[in-house]
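Step one of this worksheet: look at the structure below.
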Amino acid sequence: MHQNFIRAAAAAAVAATFSSAAVAGGFQLTEQSALGLGRAYAGMGVDGTDVSGLYYNPATMTLHTGTQAQFGFVGVGLNLDYNSKDGGSIHDENGRKQPEAVPNLFLSHQINDVTWIGFGFTVPFGLSTEYDDNWEQAYEGTDAKIKVYDFNPTFAWKLSDKFSLGAGVSYQYVKAKLGFNKSAVSNGFISNGFISNTHTRLTGDAWGWNVGAMWTPVENVRIGASYRSAIGHTVNGDLNVTVNSTVDNQVFSKVITTPATVSMDAPAWAMLSAAWDVNDWLSLYGTMRWADWSSFKALTVEAGKFSSSQPKNWKDTYLYSVGYDARINSFWTLRGGIAYETSTIDDKYTRTGTIPDADRWWFAIGSSFHWTKDFQTDVGFAHLHGVHERSLYNSKHEEIGKFRKLDAYIIGIQGQYRF
């Protein structure tokens with residue numbers, strides 16, 4: 001078979017796999033703080049309880065005196081328990097992969113009474129799923145691993161006791177690894193069995209920005225609003241297609257490599273948060289976040305001189321969360337929270353196995369341990385439970401299977417030090 005046909009088919013397959021992996025709820029990560037995880041990220045950006053607030057709202061740095069540093073990890077594990085409508089062990093699959101550790105690092109420094117500078121290193125977008133090469137949705141993808149690393153210097157100004165402003169720039173670096181089996185590249189181009197598998201590795205970088213404001217109407221109430229820009233990513237790499245041929249009953253393999261380019265946007269998002277310090281031992285929090293996934297119209301892949309575009313009709317997503325901090329004593333703080341997050345999928349027939357997005361509930365709990373007045377450790381745990389529509393459909397809109405579970409288990413730990 002002519003190599004041009006293989007490259008053209010592979011370009012279409014990469015577009016399908018990468019775009020299915022870029023779904024908002026599974027691709028956009030909120031987990032920039034182990035402390036915030038413990039209350040389902042309610043109040044982030046105005047809580048003042050850890051330095052990660054500068055990611056959610058850079059104006060929050062004005063709540064931190066002196067110099068503070070924070071470093072931690074959040075581990076994300078998936079349970080994507082899929083059952084084919086036809087039954088059979090070969091169709092029972094689970095897209096779980098070994099839990100991924102998502103790192104974060106934050107620094108905040110007060111220059112004077114009205115000016116702060118800071119820096120954040122986070123992974124705002126990422127996923128990791130893996131299925132058997134022979135599972136029935138392998139044409140949509142057998143494995144996907146995508147991480148977006150964000151480097152974010154920030155600035156904050158305290159205009160008065162009631163108003164603060166913040167701003168920052170973001171440099172993002174993308175690493176992606178995608179795999180799919182022969183059906184993805186053979187359908188409509190070559191006979192099944194000619195191509196055994198296809199993999200691609202892609203990298204790229206881009207710039208964005210973020211702004212935020214915080215208002216303190218009374219001493220124990222804070223309200224914040226923040227915005228992060230969309231960032232257009234163009235990632236490049238090699239597309240490797242393994243081609244099998246049979247001569248005299250012997251199978252020979254050949255790898256065809258061609259350059260590949262994928263273009264897509266990480267969406268803009270905005271957040272509103274509020275914090276109420278009820279008394280010396282109790283604080284209540286709330287957050288709403290909107291993400292502009294409806295602006296993502298299509299994903300374009302170029303492989304050699306061929307290109308493929310995957311149109312998408314996604315909808316904007318929303319996260320609503322409420323939570324609390326209970327300061328039991330000077331050493332121990334207990335917290336908890338609950339959240340509801342909507343899915344990007346507007347048409348159930350577009351759901352894919354690579355990251356089968358769905359609406360989800362968050363149930364979270366966490367603690368802080370204040371070892372000294374300058375050092376504390378924070379831990380958090382959340383169970384994310386997918387609800388409502390969880391089925392997969394073929395091109396004829398026939399149901400072929402259903403995810404019995406679309407769950408994630410997230411645990412985080414971090415340390416904070418005040419110099």
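The values are calculated or read from the model by the stated rules, or taken from the named source; none is laboratory data. It should be emphasised that the depicted structure is a prediction, and the values quoted were computed from it without experimental measurement. Counting neighbours? That spans all protein chains shown, and the Cβs are built from the backbone with ideal geometry, glycine included.
Of all positions in region 87-104, none carries a residue that is among the charged types (D, E, K, R), surrounded by 20 or more Cβ atoms within 10 Å (Cβ to Cβ) and modelled with pLDDT of 90 or more.
Yes or no, residue by residue, for (1) assigned to a loop (DSSP other than H, G, I, E, B); (2) modelled with pLDDT of 95 or more; (3) under 19 Å from P124 (Cβ atoms):
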{"residue": "M44", "(1), (2), (3)": "yes, no, yes"}
{"residue": "D50", "(1), (2), (3)": "yes, no, yes"}
{"residue": "Y55", "(1), (2), (3)": "no, no, yes"}
{"residue": "T65", "(1), (2), (3)": "yes, no, no"}
{"residue": "Q68", "(1), (2), (3)": "no, yes, no"}
{"residue": "V76", "(1), (2), (3)": "no, no, yes"}
{"residue": "L80", "(1), (2), (3)": "no, no, no"}
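In this entry, D374 passes the filter for residues that are within 20 Å of H64 (Cβ to Cβ), over 24 Å from the mean Cα position of the chain (by Cα) and at pLDDT 75 or above.
Out of all the residues in region 134-141, is one or more in contact with a Ser or Thr (Cβ under 7 Å, 6 or more places away or on another chain) and either modelled with pLDDT of 90 or more or within 20 Å of I411 (Cα to Cα) (or both)? Checking region 134-141: not a single residue is in contact with a Ser or Thr (Cβ under 7 Å, 6 or more places away or on another chain) and either modelled with pLDDT of 90 or more or within 20 Å of I411 (Cα to Cα) (or both). A single entry from T354, T344, T317 fulfils the requirement of being at pLDDT 85 or above, β-branched (V, I, T), under 25 Å from A408 (Cα atoms) and touching a strand residue (DSSP E or B) at 6+ places or on another chain (Cβ under 7 Å): T317. Based on this model, can you work out whether S20 counts as polar (S, T, N, Q), modelled with pLDDT under 90 and within 27 Å of V278 (Cβ to Cβ)? Spelling it out, it is not the case that S20 is polar (S, T, N, Q), modelled with pLDDT under 90 and within 27 Å of V278 (Cβ to Cβ). K158 meets each of the listed conditions (1) out of contact with any Gly (no Cβ under 8 Å at 6 or more places or on another chain); (2) modelled with pLDDT under 95 apart from (2). Please go through region 23-42 and pick out each residue that is modelled with pLDDT under 90 and in contact with a strand residue (DSSP E or B) (Cβ under 8 Å, 6 or more places away or on another chain). Across region 23-42, the qualifying residues are A24, G25, G26, F27, Q28, L29, T30, E31, Q32, S33. Within region 112-125, restricting attention to residues that are more than 15 Å from A59 (Cβ to Cβ) and among the β-branched types (V, I, T), the residue that is modelled with the lowest pLDDT is V123.
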